[in-house]
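I have placed the structure first, in the form of structure tokens, so that the comments after it can refer back to it.
The values are calculated or read from the model by the stated rules, or taken from the named source; none is laboratory data. A quick note: this is a predicted structure, and the numbers were derived from the prediction, not measured. Using ideal geometry, Cβ is built from the backbone for each residue, glycine included, and neighbour counts are taken over all protein chains shown. What goes into the accessible areas is simple: the full protein's heavy atoms, side chains included, and nothing from ligands, DNA or RNA. Shrake-Rupley method; radii C 1.70, N 1.55, O 1.52, S 1.80 Å.
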Amino acid sequence: MQGFAGLMWLLSTALILFSGFALIDAATRREDAYRAADKKTKPFWLIVLGLAFVVNLIFNILSFLPIIGLIATIVYMVDVRPALRGLSGGGRDTRRGSSSDGPYGPWNGGR
């Protein structure tokens, strides 16, 4: 029984960290990026993710409210965050090349 309680504590801590990360990420994004990505507004996501964070702090992980908060957090992380990152140029490709670069290097017009 002690192992189960430890597992539940670990899952609860992971859920709190996950929703906290999503809340901080949503707070640091620009307001106009939400409109440009055709997603809900920034205050909407801050309220939803803030409620998810508070619910995860207060309620037991076996309750249904943290599961609803987890679903909201997953929707933000899977749908909204990539759209916002795509607009702000926050992709993983840190290599910045010219617009005339080809797949095997720069294209110099046959020179």
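Only residues that are among the small types (Gly, Ala, Ser) and closer than 13 Å to residue 20 by Cβ: list them for region 39-75, please.
Passing the criteria: 50, 52, 69.
Could you tell me whether residue 25 is acidic (Asp, Glu), modelled with pLDDT of 90 or more and surrounded by 14 or more Cβ atoms within 10 Å (Cβ to Cβ)?
Answer is yes for this residue.
Quick one: count up the residues across region 50-61 that are in a helix (DSSP H, G or I) and either touching a residue at least 12 places away in the same chain (Cβ under 8 Å) or within 17 Å of residue 74 (Cβ to Cβ) (or both).
So in region 50-61, the residues in a helix (DSSP H, G or I) come out as 50-58.
Going one step further and asking which of them are either touching a residue at least 12 places away in the same chain (Cβ under 8 Å) or within 17 Å of residue 74 (Cβ to Cβ) (or both), we end up with 50-53, 55-57.
Qualifying residue count, region 50-61: 7.
Any residue in region 30-49 that is among the hydrophobic types (A, V, I, L, M, F, W, C), open to solvent by less than 70 Å² (accessible area, probe 1.4 Å), within 30 Å of residue 5 (Cβ to Cβ) and not in a loop (DSSP other than H, G, I, E, B)?
Yes, that holds for at least one residue.
I'd like the residue in region 64-105 that is open to solvent by less than 90 Å² (accessible area, probe 1.4 Å) and in a loop (DSSP other than H, G, I, E, B) and, out of all such residues, is modelled with the highest pLDDT.
89
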